[in-house]
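The structure appears right after this line, and notes come after that.
Every number here is computed from the coordinates shown, using simple stated rules; none is lab data. Computed from a prediction, not measured in an experiment: that's the story for all the values here. Cβ placement follows ideal geometry from the backbone for every residue including glycine, while neighbour counts extend to all protein chains displayed.
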Ligand SMILES: [Zn+2]
């Protein structure tokens, strides 16, 4: 856990290298992907600061102001993406690929940060595997069917004795203050001379910074990995043969790795050209951020003046960052989300009401702002099926 003294430091939390701050967003909601059952609880949700810095040594971008005490992944944390057909199809293909690539049939697989266990079940049922999942926010039964066990806890050294044929973690590493706190115990659990493959999936920071996906900056993400910094972090944790690829329309990075020979590796330095590219990438982001904030500020003013009923589609991280970046209370009527557990809940920081797509029938919006362009066609189909024909824009 990071303490106050470390938060004030200007050192990379992963490698201790020199960092330079390039971006700040202060007083943002810290607990973004939690369910808020009342408007008041959403408005009063804790706030924290985002102070992003780029490490000149390993290329990691991290939030120097991150305070883990503001975030406890307890029951009520809600971040499943599998309600969408687009995402479900991606997860299904990924499960098939992992089963084929690592011959996951009748094996034991471990997932760190398994959420509600949906992907773990997929992997276990498809390949007749046994699964152990770790997630402190898990609230379902602890032993779901004898083959799958979910432990309501953070993965740590105390579970290093748990032997697995395959260990993976999806969209968790970016939430951990020091990535080595997660990868170190994984590496030590594998031991010497064992070839247990490891798979890591995180958001692709290069896309976020290169293409200025400003709505992807959230407090819950303390680290932002590029392919370079992810490979470096894995190598520093004692993994070798690291292969990093882009996935899900370039929005994610996937990394495959195995234990490196000779145990823990020394520091791995990024090449000078990689460092230059990272610096240019964050500089582009900073310039693009101002431009996007100005453009959407004007667009929202126009929507307010026109009196059109406007809704946001997507109550996930991106939508919440967008809503909190402007004075959106008088413009955005409500937020639509296909996750039934979010229906009737409220948005962190702004208190907007979340409705199901069916709930839109009564609202009859004139304009729908779709948060993630990947889901635009899916949203269009859903609206048509509801007999609604609003103007659709993507953020
Ligand atoms: Zn570093």
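Key figures for this structure:
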item: Of all DSSP beta bridges in the range 288-395, antiparallel share, percent nearest 5; result: 5
item: Size descriptor, Kirkwood hydrodynamic radius, that averages inverse alpha-carbon separations across the range 141-199, Å; result: 12.7
item: Peptide ranges 290-297, 98-105, 12-19, 155-162 listed from the most packed, as the mean C-beta count within 10 angstrom indicates; result: 12-19, 98-105, 155-162, 290-297
item: Geometric extent, Cα atoms of the chain - Rg, Dmax (angstrom); result: 21.1, 67
item: DSSP beta bridges in the chain [antiparallel fraction, %, rounded to 5]; result: 50
item: Kirkwood Rh and Cα Rg combined as Rg/Rh, the range 13-74; result: 1.09
item: Fraction of beta bridges assigned by DSSP in the range 39-188 that are antiparallel (%, nearest 5); result: 25
item: Distance in nm between pseudo-label sites at residue 389 and residue 246 (7 Å out along the Cβ direction from Cα); result: 3.6
item: Most mobile of 173, 94, 323 in a GNM of the chain (Cα contacts under 10 Å); result: 94
item: Solvent-free Debye scattering, log10 I(q)/I(0), computed from the Cα coordinates of the range 313-395 at q = 0.18, 0.24 Å⁻¹; result: -0.70, -1.30
item: Taking the chain and dividing mean pair separation by its residue count, relative contact order in percent (alpha carbons under 8 Å, at least six apart); result: 16
item: Burial order of peptide ranges 55-68, 244-257 (average beta-carbon count within 10 Å, highest first); result: 55-68, 244-257
item: Added length on full extension, which subtracts the Cα-Cα distance from 0.36 nm per residue, residue 125 to residue 40; result: 26.5 nm
item: Cα gyration tensor shape of the range 201-245, rounded if a/c is under 1.5, else prolate or oblate by comparing a/b with b/c; result: prolate
item: Computed over the range 236-395: relative contact order in percent, which uses C-alpha pairs under 8 Å that are six or more apart; result: 16
item: Estimated [θ] at 222 nm from DSSP helical runs (n ≥ 4, -39500 (n - 2.57)) normalised by residues in the chain, nearest 500; result: -9500 deg cm²/dmol
item: Cβ crowding within 10 Å averaged over residues, with 331-339, 224-232 ranked highest first; result: 224-232, 331-339
